[in-house]
1. Which loop trypsin sites (Lys or Arg not before Pro) in region 59-125, with loop taken from DSSP, have no more than 14 other Cβ atoms within 10 angstrom of their Cβ?
2. Would you please give the residues with an amide H less than 5 Å from that of Gly37, counting only those at least 5 places away or on a separate chain, with H modeled from the backbone geometry?
3. Tell me the label-point distance for the pair Leu220, Cys267, using the 7 Å Cα-to-Cβ offset, in nm and rounded to one decimal.
4. With a 1.4 Å probe and every protein chain kept in, tell me what percent of the accessible surface of the chain is carbon plus sulfur.
5. In Å, the Kirkwood hydrodynamic radius of region 311-418 over pairs of distinct alpha carbons?
6. Whole angstrom only: what separates the Cα centroid of region 390-455 from the Cα centroid of region 229-255?
7. Give, in nm to one decimal, the length gained when the segment between Met376 and Ser428 is fully stretched (0.36 nm per residue of separation minus the Cα-Cα distance).
8. Could you order Val338, Val430 so the one with the most accessible surface comes first? Probe is 1.4 Å.
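The values are calculated or read from the model by the stated rules, or taken from the named source; none is laboratory data. Everything numeric here is computed off the predicted structure, so don't read it as measured data. Here the Cβ positions follow ideal geometry from the backbone for every residue, glycine too, while neighbour counts run over all protein chains shown. Calculation scope for accessible area: heavy atoms of the full protein, side chains included, ligands and nucleic acids excluded. Shrake-Rupley method; radii C 1.70, N 1.55, O 1.52, S 1.80 Å.
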Amino acid sequence: MGAVAAHGEDGKVSQQGADHQLKELDAGALFVLKSKGSWLHCGYHLTTSIVAPPLLSLPFAFTFLGWAAGVAFLVIGALVTFYSYNLLSLVLEHHAQKGNRQLRFRDMANQILGPKWGKYFVGPIQFMVCYGAVVACTLLGGQCMKTVYLMSEPEGPMKLYEFIIIFGCLMLILAQIPSFHSLRNINLVSLVLTLAYSACATGGSIHIGTSSKEPKNYSLKGDTQDRLFGIFNAIAIIATTYGNGIIPEIQATVAPPVKGKMFKGLCICYTVLSLTFFSVAISGYWAFGNNSEPLVISNFLADGQTLVPKWFVLMVNIFTILQLSAVAVVYLQPTNEVLENTFSDPKRKEFSARNVIPRAVSRSMSVIIATTIAAMLPFFGDINALIGAFGFIPLDFVLPVVFFNLTFKPSKRSIVFWLNVTIAVVFSAVGVIAAVAAVRQIGLDAKTYRLFANV
């Protein structure tokens, strides 16, 4: 923090720099990444992007790790990401105070690592991660809708891809919301929904766990090789759950001066995260042991019968569907920014016909493509684990500490320097091994893959 203060200038200088930059912004930055928000809005955006329905897979991750390692990796993930996101925020604040505010991850890479890093590494990886998240949310939303449908029509004729298309239609509407800042109220509702379905998942797990007379089994499945790969698969799941990938874009929505606002937003996010991640993971694994499903709410149904009241399962799924739509539209923002930059004219008004028509067409096509991928590849969860290993680990665990060391150049004798180097090296290795584990899992499951499968 002291390094930032030493290089910093006062709020007026930051504001003047921001005003100067505003005149030179491209259409993507000008129309999608509007800098109008408060630290509260920042907290809402952060919470929606991190504390999302993938947290319901944490008990499943524990089945590969067991109690001690599961809790340990969950704590490590929280500490490292909170630390990394704060470092990334400090780097962004440093450049903003020097009058060179960076609004996108690729902008940071361009300036700190060089243009080729932004164009050929950070930019493509971020796009892959964010668009993959949109596809995954669309698939999961369709699966939750199908669950609700089968509760009322157990032998109903509708297929999974039809529900994915219905969810995609909802996304077509939400995708037209003009800017990231415009999502602030939706993301506040999303925060409340997160607390709601996490409380329901925790309460349902405790109810089933206490009422079930079957002994709970917490032993690790498979032989030594399966267990080893399972550990890294679980790490990829946890990394994806903690993943964000859009910290610079979220900080770009904050009105200048930006100093200190991101830290407050992260405090809101990690308060909600602590309440939800640990309660869902621990209660779910305690109740279902190594029989935990990839989504813990799937354990509320057994042999076509609900283990909790039907209205309860219905409520949890509706909360999840609604929050998934908010998460998906948040992760659409980097794509929207690229599309806006490509097709819009920054010299014309935001809502002129010249800009509105290409915006509506390009965003609609983006959602249609994501929906088609989700419908065609209902096994996308396996692919998403690979995307998480290749994407979230570099963007959220490795690059922030590298950016900090290159920007502030802490002494090589300092704890901060070596802590950052250790994080970068360890998580680079973990990312490679987790990617190998994800590829292996895809190979094992490949025999069950079928386009437009009704799973």
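1. Sparse-neighbourhood loop trypsin sites (Lys or Arg not before Pro): Lys98.
2. Val254, Ala255
3. 3.9
4. Values: 13110 of 19260 Å².
After summing per-atom areas, the C and S share lands at 68 percent.
5. That comes to 18.0 Å for region 311-418.
6. So the two Cα centres are separated by 10 Å.
7. Net length gain for the segment: 15.5 nm.
8. Working: Val338 60, Val430 25 Å².
Per-residue accessible area, sorted high to low, gives Val338, Val430.
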